[in-house]
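Q: Take this structure, written in structure tokens, and hold onto it; I'll ask about it next.
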Amino acid sequence: MFKLLRYYSVTSLVAVLATAVLLTWFYRQVAIQGIVQMIEQGNLTLARAAMNPIKPTLLEYLSATKNFRPDSANPPPLPPVLLASINSLMQDRSVTRIKIFNRDGVVVFSTKPSQIGDGQNHNQGFIIAINGGVASALTYRDTFNSFDGATEEDNLMQTYIPVRAGPAEPILGAFELYPDVNNLVHQTERTEFIIMAGAILILSVLYAVLILIVRRANNTIELQQRTIRERTETLELLSSHMLKNEESHKKKISFELHEGLAQTLSALKLKVENGRYKRSMGDATAGSVDSIIPVLQQAIQEVRTIATDLRPPSLDDLGLLPTLNWLCREFEQQHPGIRIEREMSLQEQDIPPPLKIILYRIIVKVFDEMAEHTKTGHIHLALWLDGGHTLILLIDDTTTEALDETAIPLMNIDPQLRAGFARMEELTTLSGGTFTASHHSGGGTTLRASWNR
């Protein structure tokens with residue numbers, strides 16, 4: 001049976017974990033975007049507020065350092081007013097680093113002296129700023145800074161702001177701020193953890209409820225399947241009893257016809273033939289008595305035929321295999337245009353006794369149907385034991401050429417022909433076997449039944 005509970009438990013657990021991870025990732029992206037926008041706006045306001053009083057001095061300094069190159073000597077020192085403003089900005093605000101770039105992307109000033117003289121004309125933040133835009137990026141501790149091309153030691157927010165005298169004036173350089181965002185990052189991480197824990201808790205409760213529902217549904221399904229199996233077993237048992245009772249009645253009627261009525265008619269025939277009545281009745285009635293003998297002979301033959309059709313005595317006296325050989329000979333005598341090829345590679349003791357009469361009934365019925373429909377003049381009958389535990393019956397009237405063609409289920413080709421073999425399918429199913437039928441476009445039908453011993 002399909003393991004519904006195990007399958008649903010595993011897939012639901014994977015879905016819960018995946019949902020929690022996706023929710024966390026989504027919140028993290030939204031939070032980062034919010035932090036970037038908020039800090040960018042704050043940095044812009046802060047930089048403008050700090051640069052407005054000293055903008056003329058900053059513009060003069062950038063003009064003085066416009067030809068400064070990475071391989072040049074140290075740039076000129078900052079004017080005292082500009083240096084004082086930068087120191088005040090770093091003391092009173094949560095700014096950890098400030099850098100000033102000339103128009104060529106060279107760092108002409110940095111609160112981290114080792115960075116002075118670095119050429120960063122390929123820095124994407126600087127490129128955006130020198131083209132008139134504002135660029136910001138959040139860099140976590142111990143992660144790679146894509147703007148500076150280095151690994152940062154703190155959680156930093158970088159903002160690149162263009163420096164120019166007015167909106168219509170040329171840009172002389174860029175001003176970069178590094179605010180400390182540790183508190184915001186820690187708060188975001190705590191919120192992220194709370195959201196993730198809450199999501200996992202809620203999804204876990206939902207998971208537990210769904211597992212209980214599935215467990216209950218699984219128990220209900222198992223109960224229904226057990227009921228179906230029990231009813232199927234009961235139907236198979238009743239079918240088996242029905243077949244046995246049917247065969248028992250046929251056997252009894254066959255015996256009574258063969259041993260009772262047939263014997264009585266035979267005795268009557270013998271009595272008429274011995275001439276006792278002829279001598280007692282005289283020549284006048286001799287002719288009428290003689291005419292009774294053929295009628296009695298015909299009646300005896302009909303009774304024996306009916307008895308044989310009901311249940312051949314050889315089935316109980318000799319077994320199934322000799323009976324099938326006799327049946328094939330009789331069939332070929334009645335249908336001279338049809339030849340039966342027999343292939344029975346098993347012993348009499350290999351056939352379970354209850355199946356002997358079933359096999360006989362199936363073969364008789366199929367022979368009768370094929371005698372009406374076959375166009376090949378050939379019937380192949382095979383009975384063998386597969387793997388030592390599966391009894392297989394195969395009957396087909398296909399030609400050698402048709403066997404190479406693709407077999408099509410009989411029910412898709414000729415419903416009327418399939419109806420003719422319905423008795424074989426019925427007997428096979430009621431006796432606990434499986435039945436298949438196929439038709440070949442080149443001509444012929446293949447019928448196969450199998451039983452597990």
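Q: Going by average Cβ neighbours within 10 Å, how do the peptides 423-429, 345-351, 224-230, 131-137 rank, with the highest at the top?
A: Listed from highest to lowest mean packing, they are 423-429, 131-137, 345-351, 224-230.
Q: Quick check on packing: order 206-216, 320-330, 361-371 by the mean number of other C-beta atoms within 10 Å, highest mean leading.
A: For the peptides 206-216, 320-330, 361-371, the packing ranking is 361-371, 320-330, 206-216.
Q: Pulled fully out, how much extra length does the chain show between Asp180 and Lys375, if you take 0.36 nm times their separation in residues and subtract their Cα-Cα distance?
A: 60.7 nm
Q: Which FRET efficiency value, to the nearest 0.05, is calculated for Trp25 and Arg215 with the Förster distance at 30 angstrom and r the Cβ-Cβ distance? Working shown, then result.
A: Working: r = 32 Å, r/R0 = 1.05.
For Trp25 and Arg215, the calculated efficiency is 0.40.
Any read-out appearing in this document is the output of simple, stated calculations on the displayed coordinates, not a laboratory observation. This structure is a prediction, so every number in the text was calculated from the model and none was measured. Because the Cβ atoms are built from the backbone with ideal geometry, glycine has one as well, and the counts that use them run over all protein chains shown.
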